[in-house]
There are 2 protein chains.
Amino acid sequence: MRPHNFNAGPSVLPLPVLEEVQRSLLDTNGSGHCIMEWSHRSPEYDAVRFDAEQRLRRLLGLPSGDPWKVLFLQGGASLQFAMIPMNLATRDRQGHYLVTGVWAKKALEEAERLGAGRAAYHGKTSGFTRIPEAHEWRADASAAYLHVTTNNTIYGTQWPALPDSASIPLVADMSSDILSRSLPHDRCALLYAGAQKNLGPAGLTVVVLRQDLLARKVEGLPAILDYRAHVEADGILNTHPTFAVYLMGRVLKWMEDEGGLSVIAKRNQEKAAMLYAEIDRTGFYRGTADPASRSIMNVCFRLASEDLEKRFLEHAEALRLVGLKGHRSAGGIRASLYNALPSASVEALVAFMRDFERGCG
Amino acid sequence: MRPHNFNAGPSVLPLPVLEEVQRSLLDTNGSGHCIMEWSHRSPEYDAVRFDAEQRLRRLLGLPSGDPWKVLFLQGGASLQFAMIPMNLATRDRQGHYLVTGVWAKKALEEAERLGAGRAAYHGKTSGFTRIPEAHEWRADASAAYLHVTTNNTIYGTQWPALPDSASIPLVADMSSDILSRSLPHDRCALLYAGAQKNLGPAGLTVVVLRQDLLARKVEGLPAILDYRAHVEADGILNTHPTFAVYLMGRVLKWMEDEGGLSVIAKRNQEKAAMLYAEIDRTGFYRGTADPASRSIMNVCFRLASEDLEKRFLEHAEALRLVGLKGHRSAGGIRASLYNALPSASVEALVAFMRDFERGCG
């Protein structure tokens, strides 16, 4: 039986996509063999990557061609934590970071190692339970960029809207909520996401950037870490993770076939609302994020004791509700509700939560 | 019909492996869902990655545990071209490079961008058609490392044995011939390979290194580019390309089931010998690599004219012999004969070559 998969990522993929991939694995797109066996320089693969790029642009609402460039890279968001300051910041003109969680903190730390970043806000003191109001953070107009992590997977908070960075280029790590809701993506100078939550399998990172960001050539930067080199090579400087790009294209097609971003976003709202309503119903469960900052992707909550949480997780696991354990740095329970998670899985979780509460009453 | 796949990489995968992956795609290892949907921090995935690592160690003949560490990274050999000098060299103590082809040259160029590399040999003047003798290259005993590209995919040459680097740590890019023949791998201080030729799909890079290489902490190096950080995180600093690691494990199991490296190596020798014999038979085809430097992985040859080569490629394609076009920088014909290419495909190519020659006679 297929489990209800609440993993924080890698996580559940759309079943119809997996079924399609399975059917065509030995004969992708009528080629007679598997996409993994194709050359990354073949016309067949070009068709796959351009199709994925066009779907991504449509879903993000970013027009084709300039000024936006789309790169399919490797190394996860973690490599972007390094590439962003290496390409865009200097010791004299640093990147400013809105540190609202663990991944935002890691992004800042990589910039700090390079001497090229500082915090514009740091939520450590408030335990990362909320997203700051505009008056609580501050970036200098001279900052190289303002970095935001739009959704915080570990603490279950999410920026309700993109922060207003005024004239500072906005750089957004959207790894855990890309294409989960409608946003004015064109306000970002650079947005990026590891694919393994809403887009596809692990091993692919999507970077969308405005070309004018790259006006300055950075001396002493290896080509593989240089956005300019990737752009100049038409997005295929070295071998792509071809299968992951293919699979992402299938996931994006699934999203479009389902009705596009507005339909997916509505579904995500409903799934999250259903779960938060159950959390708030009696006080048996306690949401950890500030209500105004609650994420629709990662829902974090606690029970009265760690012992009770342990029993909750064991019972859930036995019912094939998997991936509910909170991140080791936060504890508690976390249910990740990415795009591909069916509403039925949230219904199953809510039903289990009621039963569990009743059993403890 | 499944083509005869002579792609230079990504390339052919073992059919039994693809069939197994297809069968288990919706229910990997009895989990009820797809490996791509598992957490990279789950015990299930740990079992997959440790199994792949143990198989790799056995096939390379490297004992478990210290001093060897195995890393499953992303970014291809191209990212290693940057990480190696970033981690191991300085302006004062550079890496020395044996430049025997295009990829070796790219590796050197990344080191040069960092001011941390120079050529110990450069085959440009001889058109990269041969591997130098020991007296033709020279590295200082004070070099940070000696970098060798054991097989040159584009020009079809291969080091007949690992160069003797004496006391200098040997760093080997084995992307295009890893596990194709028996070698004293323990003579390498670091060896690496993109997976997409002999190991699995694109999107995974294997790095095996001796831990004593990392004695020096490099200041100002982002964690994601720091081998020490990867080793300290037990090889899983950030999300692995989990499906690619899984698939590599299946390919390595296939190799072991076939009889291990000695059987695969013998088969590779025979495949290459069959093709070179046909090339040398009449003079209609002309091998481009110096006979003593010929690669058993990538066989490069020319016909009398570019026009004839074009016809050769068209006829081959029509018979489903694919991927035979030489690299754009070298021209001509190139047949890549990686581990997973069946002998029957080489036989089909040889038969076609005879027919084509006869038709032109």
Examine the range A:150-171 for a residue that is at pLDDT 95 or above, over 30 Å from A:K325 (Cβ atoms) and of a type in the set (F, W, Y), and state whether such a residue exists. no
Those residues that are crowded, with 18+ Cβ neighbours inside 10 Å and not in a strand (DSSP E or B), I need them from the range B:285-312; list them, please. B:Y285, B:T288, B:A289, B:S293, B:S295, B:I296, B:M297, B:L303, B:E309, B:F312
In the range A:90-110, the residues that are surrounded by fewer than 19 Cβ atoms within 10 Å (Cβ to Cβ), more than 12 Å from chain B (Cβ to nearest Cβ) and over 17 Å from A:G127 (Cα atoms): A:T90, A:D92, A:R93
Residues to consider are B:M1, B:M83; find the one that is facing another protein chain (nearest Cβ under 9 Å), under 25 Å from the mean Cα position of the chain (by Cα) and in contact (Cβ under 8 Å) with a residue 12 or more places away in the chain. B:M83
The listed residue being in contact with a strand residue (DSSP E or B) (Cβ under 6 Å, 6 or more places away or on another chain), within 14 Å of chain B (Cβ to nearest Cβ) and modelled with pLDDT of 95 or more, out of A:T242, A:T205: A:T205
Determine, yes or no, whether A:P222 is more than 16 Å from A:P85 (Cα to Cα) and either within 14 Å of another protein chain (Cβ to nearest Cβ) or buried (at least 24 other Cβ atoms within 10 Å of the Cβ) (or both). no
Given the conditions (1) of a type outside the set (A, V, I, L, M); (2) within 13 Å of another protein chain (Cβ to nearest Cβ); (3) surrounded by fewer than 24 Cβ atoms within 10 Å (Cβ to Cβ), report the number of the one that B:D234 does not fulfil. (2)
Can you tell me which residue among A:R2, A:R91 is of a type in the set (D, E, K, R) and farther than 30 Å from A:H315 by Cα? A:R91
Quick check on the range A:76-87. Is at least one of its residues among the hydroxyl-bearing types (S, T, Y), assigned to a helix (DSSP H, G or I) and at pLDDT 95 or above? yes
Could you list, in sequence order, all residues of the range A:41-75 that are within 9 Å of another protein chain (Cβ to nearest Cβ), crowded, with 18+ Cβ neighbours inside 10 Å and assigned to a loop (DSSP other than H, G, I, E, B)? A:Q74, A:G75
Exclusive hit being under 29 Å from A:P201 (Cα atoms), among the basic types (K, R) and in a loop (DSSP other than H, G, I, E, B), set A:R328, A:R334: A:R328
For the range B:187-214, give me the residue count where each residue is on the phi > 0 side of the Ramachandran plot and surrounded by fewer than 24 Cβ atoms within 10 Å (Cβ to Cβ). 0
Going through the range B:111-128 in order, the residues found to be within 12 Å of chain A (Cβ to nearest Cβ) and basic (K, R) are B:R113
Candidate set: the range B:261-304, residues that are of a type in the set (K, R) and closer than 19 Å to B:N7 by Cα; chosen: the one farthest from the chain's Cα centre (by Cα): B:R302
Suppose the filter is under 25 Å from A:E19 (Cα atoms), under 22 Å from the mean Cα position of the chain (by Cα) and surrounded by fewer than 18 Cβ atoms within 10 Å (Cβ to Cβ); does A:E258 pass it? yes
If you go through the range B:146-158 one residue at a time, do you hit one that is in contact (Cβ under 8 Å) with a residue 60 or more places away in the chain and aromatic (F, W, Y)? yes
Those residues of the range A:9-40 that are more than 7 Å from chain B (Cβ to nearest Cβ), outside any helix (DSSP H, G or I) and either among the small types (G, A, S) or buried (at least 16 other Cβ atoms within 10 Å of the Cβ) (or both) come to a total of 3
Go through (1) of a type in the set (G, A, S); (2) in contact with a Gly (Cβ under 9 Å, 6 or more places away or on another chain); (3) not in a helix (DSSP H, G or I) one by one and return the number of the condition B:A107 breaks. (3)
Of the residues B:R130, B:R118, which single one is more than 22 Å from B:M83 (Cα to Cα) and surrounded by fewer than 21 Cβ atoms within 10 Å (Cβ to Cβ)? B:R130
Looking only at the range B:179-186, decide whether some residue is surrounded by 24 or more Cβ atoms within 10 Å (Cβ to Cβ) and in contact (Cβ under 8 Å) with a residue 40 or more places away in the chain. yes
Just checking, does the range B:315-330 include any residue being at pLDDT 95 or above, over 30 Å from B:A265 (Cβ atoms), loosely packed, with under 13 Cβ neighbours inside 10 Å and out of contact with any helix residue (DSSP H, G or I) (no Cβ under 7 Å at 6 or more places or on another chain)? yes
From the options A:V251, A:V350, residue that is of a type in the set (V, I, T), within 14 Å of another protein chain (Cβ to nearest Cβ), closer than 25 Å to B:G32 by Cβ and not in a loop (DSSP other than H, G, I, E, B): A:V251
Would you check if there is a residue in the range B:191-201 being facing chain A (nearest Cβ under 10 Å) and modelled with pLDDT under 95? no
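The values are calculated or read from the model by the stated rules, or taken from the named source; none is laboratory data. Computed from a prediction, not measured in an experiment: that's the story for all the values here. Here Cβ is always computed from backbone atoms with ideal geometry, including for glycine, and neighbour counts include all displayed protein chains.
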